[in-house]
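Peer 1: So that we are looking at the same thing, I have put the structure below in structure tokens.
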Amino acid sequence: MDNEALNTSVEYTNEEGINGENIEDEQSEIETPAERKAREEREERERAFRAKKRKLIPPFVMLTAGAATSITMRILHYEMKSMLIILLCVLIGFYIAGCIIKEMLDRFERQIEEAEMEKGGVIEKELAEEDRPTRRRSEAKVKDE
């Protein structure tokens with residue numbers, strides 16, 4: 001019995017006051033338009049930089065596979081004609097594989113951005129919904145008068 005009473009006690013986090021009030025609501029920082037514009041520009045530069053780096057994935061995959069293949073075939077004493085045909089096929093195949101990897105990474109980044117946008121949109125929507133009841137009450141008071 002004593003253990004149950006101890007386990008059901010309420011623990012307060014740093015964000016909650018003793019009365020259950022959320023301290024963050026009082027101290028929330030509102031982003032100014034200039035700060036939002038600067039943040040969006042910074043995020044766009046970061047996205048462009050990541051896209052630039054991902055653009056190099058297919059060539060690196062292709063050249064790494066080509067180097068490994070050509071070294072292996074040279075050690076195994078392949079004929080030049082068959083070695084070139086095999087190397088061409090390997091280069092094309094791994095270039096396609098690199099492009100698929102790049103597209104997957106691009107898709108993952110788009111999904112992450114969409115999730116962040118939805119998260120930001122949900123917060124704005126919740127704030128707008130919180131304002132509605134007060135508006136309706138004030139409109140009802142005006143109509144009653």
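Taken together, the values in this text are just the output of simple stated rules run on the coordinates, not laboratory data. Fair warning: this is a prediction, and the values are worked out from it, not measured in the lab. Here Cβ is always computed from backbone atoms with ideal geometry, including for glycine, and neighbour counts include all displayed protein chains.
Peer 1: Please arrange 89, 99 by counting, for each residue, the other beta carbons lying within 10 Å of its beta carbon, fewest first.
Peer 2: 89, 99
Peer 1: Can you give the extra length, in nm with one decimal, that the chain gains between residue 77 and residue 92 once fully stretched, where that is 0.36 nm per residue apart less the Cα-Cα distance?
Peer 2: Between residue 77 and residue 92, full extension yields an extra 3.2 nm.
Peer 1: What is the spin-label model distance, in nm, from residue 55 to residue 35 if the labels are put 7 Å beyond Cα along the C-beta direction?
Peer 2: Placing both labels 7 Å beyond Cα along the Cβ direction yields 3.4 nm.
Peer 1: May I pose another question? How far, in nm, would the chain grow between residue 104 and residue 85 when pulled straight, counting 0.36 nm per residue and subtracting the alpha carbon separation?
Peer 2: Result: 3.9 nm gained on full extension.
Peer 1: Say each of residue 114 and residue 68 gets a label point 7 Å from the Cα, pointing the same way as Cα to Cβ; how far apart are those two points in nm?
Peer 2: 3.3 nm
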